[in-house]
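Novice: Take this structure first; my questions come after.
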Amino acid sequence: MNREQAWELLTEYTKNPNLIKHALAVEAAMRAYARRFGEDEEKWGVVGLVHDFDYEKFPTVPEHTTEGARIMRERGWPEELIHAMQSHADYSGVPRDSLMEKTLFAVDELTGLIVAVALVRPSKSIMDVKVKSVKKKWTDKAFAAGVNRQDIEKGAAELGVDLSEHIAIVLEAMRGIADELGLAGQ
């Protein structure tokens with residue numbers, strides 16, 4: 001599967017612009033990690049792009065990822081990509097066995113926290129966000145309360161990457177698509 005097919009699947013099921021931006025952010029982070037680990041950037045990016053494609057139509061547990069897997073199978077998607085998509089949600093019961101799966105889990109929640117930090121900056125620009133800024137907001141549990149910080153920590157640990165370094169990698173990846181994310185600033 002390629003990016004064009006992933007984009008078609010995502011946009012067929014997802015109309016909410018913020019969910020599409022989330023998918024783009026996760027795709028960028030996955031591509032950055034694929035480069036870092038010497039893996040297939042296209043495949044990792046595709047998984048990042050489609051990981052939540054079913055969320056808008058099936059937001060509840062366990063339909064989210066279960067319905068997505070069903071749809072992907074019906075369309076002939078490779079099991080490796082289906083497994084990766086399902087594994088990003090702990091409640092799916094699908095274990096994270098591969099480096100790609102562990103990376104998807106590690107970057108998913110973090111992209112949301114980084115977006116939230118960018119949006120409270122006066123400039124609304126991700127270019128003004130620093131690792132230090134993210135870590136400062138990290139401790140404020142009321143800030144971006146829906147972001148599961150434990151999942152981010154667990155994901156970084158599963159990757160064997162220091163949390164600050166993990167934030168830096170994802171932040172830099174997201175800066176590369178700031179315009180698409182609507183975070184280039186005012």
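The values are calculated or read from the model by the stated rules, or taken from the named source; none is laboratory data. Because the structure is a prediction, the values reported are computed rather than measured. Counting neighbours? That spans all protein chains shown, and the Cβs are built from the backbone with ideal geometry, glycine included.
Novice: Give me the pairs, please: first residue somewhere in region 157-186 and under 21 Å from Lys136 (Cβ atoms), second residue anywhere and hydroxyl-bearing (Ser, Thr, Tyr) and at pLDDT 95 or above, beta-carbon distance under 6 Å, and either six or more positions apart or on two chains.
Specialist: From region 157-186, the pairs are Gly185/Ser123; Gly185/Ser125.
Novice: Just to be sure before I move on: is Asn18 in contact (Cβ under 8 Å) with a residue 24 or more places away in the chain and polar (S, T, N, Q) in the structure I sent?
Specialist: no
Novice: Let me ask something else about it. Within the group Ser133, Ser92, which residue is hydroxyl-bearing (Ser, Thr, Tyr), surrounded by 14 or more Cβ atoms within 10 Å (Cβ to Cβ) and farther than 22 Å from Leu9 by Cβ?
Specialist: Ser133 is the lone residue from the list that is hydroxyl-bearing (Ser, Thr, Tyr), surrounded by 14 or more Cβ atoms within 10 Å (Cβ to Cβ) and farther than 22 Å from Leu9 by Cβ.
Yes or no, residue by residue, for (1) surrounded by fewer than 19 Cβ atoms within 10 Å (Cβ to Cβ); (2) at pLDDT 95 or above; (3) of a type in the set (D, E, K, R); (4) over 12 Å from the mean Cα position of the chain (by Cα):
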position	(1), (2), (3), (4)
Leu19	yes, yes, no, no
Ala23	no, yes, no, no
Glu27	no, yes, yes, no
Arg31	no, yes, yes, no
Asp40	yes, yes, yes, yes
Glu67	yes, yes, yes, yes
Arg73	yes, yes, yes, yes
Glu79	yes, yes, yes, yes
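Novice: Across region 176-186, which residue is nearest to Val131 (Cα to Cα) among those that are of a type outside the set (Asp, Glu) and part of a helix (DSSP H, G or I)?
Specialist: Initially, region 176-186 is screened for residues of a type outside the set (Asp, Glu), giving 176-178, 181-186.
When the remaining residues are screened for being part of a helix (DSSP H, G or I), the result is 178, 181.
Values: Ala178: 16, Leu181: 18 Å.
So, considering only residues that are of a type outside the set (Asp, Glu) and part of a helix (DSSP H, G or I), the one nearest to Val131 (Cα to Cα) is Ala178.
Novice: Out of curiosity, is Ala173 in a helix (DSSP H, G or I), within 17 Å of Ala23 (Cα to Cα) and modelled with pLDDT of 95 or more?
Specialist: yes
Novice: Do we find a residue being touching a residue at least 12 places away in the same chain (Cβ under 8 Å), over 20 Å from Tyr91 (Cβ atoms) and not in a helix (DSSP H, G or I) anywhere in region 43-55?
Specialist: Within region 43-55, not a single residue is touching a residue at least 12 places away in the same chain (Cβ under 8 Å), over 20 Å from Tyr91 (Cβ atoms) and not in a helix (DSSP H, G or I).
Novice: Filter region 134-153 for residues that are in a helix (DSSP H, G or I) and either without any contact (Cβ under 8 Å) to a residue 40 or more places away in the chain or of a type in the set (Ser, Thr, Tyr) (or both) and give the result.
Specialist: Once the filter is applied, which keeps residues that are in a helix (DSSP H, G or I) and either without any contact (Cβ under 8 Å) to a residue 40 or more places away in the chain or of a type in the set (Ser, Thr, Tyr) (or both), region 134-153 yields Val134, Lys135, Lys136, Lys137, Trp138, Gln150, Glu153.
Novice: Would a scan of region 65-88 turn up a residue that is over 22 Å from Val134 (Cα atoms), acidic (Asp, Glu) and in contact with a helix residue (DSSP H, G or I) (Cβ under 9 Å, 6 or more places away or on another chain)?
Specialist: Yes, that holds for at least one residue.
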